[in-house]
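For reference, the structure discussed in these notes is given below.
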Amino acid sequence: VDREIVIALTRKMLVDQPEKLTAVGVSFGGPVDFDRGGVRLSHHVPGWEEFPLRDALQSEFGVPTMVDNDANAGALGEWKYGAGQGCKSLLYMTVSTGVGGGWIINGEVYRGAQGMAGEIGHTIVDPNGPLCVCGRRGCVEVLACGPAIARRARERLEAEPNGGKILRELMLGDPSNVTAELVSRAAVNGDTLAEEVLVGAAADLGSGIGNALSLMNPQRVVLGGGVIKAGATYLAAVQRAAQGNTLPEIRAGIVAAALEDDAPLWGAVALAEGLMG
Ligand SMILES: [Zn+2]
């Protein structure tokens with residue numbers, strides 16, 4: 001049914017727009033087999049597993065189509081239209097319900113042998129850390145994504161009955177109300193416990209980024225996703241930890257995404273433009 005909705009929405013858009021359709025670019029929120037243009041897995045929306053999305057759209061609309069995952073598309077979008085303009089190499093990361101990443105190397109998306117390059121969310125920064133969805137312990141994702149920040153805050157609140165006064169007010173007495181956004185709001189309002197949780201998660205994210213910097217030495221790191229909206233203190237803690245976990249000769253500016261949540265959509269535009277020659 002979702003597939004029919006996508007087709008129907010595209011058809012409606014084409015009726016509203018006088019321009020002729022010449023190419024289609026798609027940013028998909030899950031792992032994609034880039035060479036085949038098919039979806040591998042769909043964690044967030046059911047029914048898309050193993051779906052040949054590129055071929056389906058190509059035969060529906062009769063124009064060349066390209067499909068990539070949203071992290072690669074975000075990297076492409078920020079590189080071409082956002083905070084990565086003018087860079088030869090960059091690492092783009094999205095920090096929200098999960099942690100994803102995409103590489104631009106020498107002015108091109110680097111996808112890797114299985115199209116899995118950029119999975120920085122599942123690099124390990126604490127081998128004794130909490131269990132991750134991937135089955136291993138202490139991945140960047142399980143320590144630094146939005147739900148991880150909420151979990152870390154709940155653990156601290158439970159262990160420290162007198163701490164987190166402002167956060168407790170914001171959660172209205174119910175720990176299940178705690179989200180990363182609430183933690184970041186409490187931190188901005190001067191809640192020490194919330195700020196420590198946020199800085200702790202930022203440090204774990206930064207450790208992972210430090211490893212990536214040592215391996216690839218990119219010119220810039222662009223961070224997107226809801227968690228990044230936590231602000232300057234958070235970003236400074238990420239930068240500090242990243243720099244502390246790589247060699248002193250290695251320097252990369254870590255900046256917030258300029259296109260915010262739309263980076264993958266602009267990446268899809270760039271994919272389509274690439275097909276137009
Ligand atoms: Zn993992």
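Would you mind stating whether Arg54 is over 28 Å from Ala8 (Cβ atoms), assigned to a helix (DSSP H, G or I) and among the basic types (Lys, Arg)?
Answer is no for this residue.
Does Ala148 satisfy being surrounded by 19 or more Cβ atoms within 10 Å (Cβ to Cβ), within 23 Å of Gly226 (Cα to Cα) and more than 16 Å from the ligand (Cβ to nearest atom)? Spelling it out, it is not the case that Ala148 is surrounded by 19 or more Cβ atoms within 10 Å (Cβ to Cβ), within 23 Å of Gly226 (Cα to Cα) and more than 16 Å from the ligand (Cβ to nearest atom). Considering Leu182, Leu170, the condition of being more than 17 Å from the chain's Cα centre (by Cα), closer than 23 Å to Val238 by Cα and more than 16 Å from the ligand (Cβ to nearest atom) is satisfied by Leu182 alone. Would you confirm whether any residue within the range 95-104 is over 18 Å from Gly200 (Cα atoms) and within 15 Å of the ligand (Cβ to nearest atom)? Yes, the range 95-104 contains at least one residue that is over 18 Å from Gly200 (Cα atoms) and within 15 Å of the ligand (Cβ to nearest atom). Filtering the range 51-67 for residues that are within 22 Å of Ile120 (Cα to Cα), touching a Lys or Arg at 6+ places or on another chain (Cβ under 7 Å) and modelled with pLDDT of 95 or more leaves a non-empty set. Taken over the range 41-67, the criterion of being free of Cβ contacts under 8 Å to residues at least 12 places away in the same chain and either touching a Leu at 6+ places or on another chain (Cβ under 8 Å) or among the basic types (Lys, Arg) (or both) is satisfied by Glu49 alone.
Contact map, the range 132-152: residues that are more than 14 Å from Ala202 (Cα to Cα) paired with residues that are charged (D, E, K, R) and within 8 Å of the ligand (Cβ to nearest atom), Cβ distance under 7 Å, separation 6+ or inter-chain. Pairs shown: Cys132/Glu141. Screening the candidates Leu76, Leu91 for the property of being more than 16 Å from the ligand (Cβ to nearest atom), in contact with a helix residue (DSSP H, G or I) (Cβ under 6 Å, 6 or more places away or on another chain) and more than 29 Å from Thr22 (Cα to Cα) yields one hit, Leu91. Just name the residue that is nearest to Met276 (Cα to Cα) out of those in the range 1-50 that are of a type in the set (S, T, N, Q) and touching an Asp or Glu at 6+ places or on another chain (Cβ under 6 Å). The selected residue is Ser27.
Taking the range 191-277 as the region of interest, the helices (runs of 4 or more DSSP H) fully inside it that hold 2 or more residues being among the β-branched types (Val, Ile, Thr), crowded, with 23+ Cβ neighbours inside 10 Å and modelled with pLDDT of 95 or more are 192-216.
The values are calculated or read from the model by the stated rules, or taken from the named source; none is laboratory data. Model, not experiment: these values are computed from the prediction. Here Cβ is always computed from backbone atoms with ideal geometry, including for glycine, and neighbour counts include all displayed protein chains.
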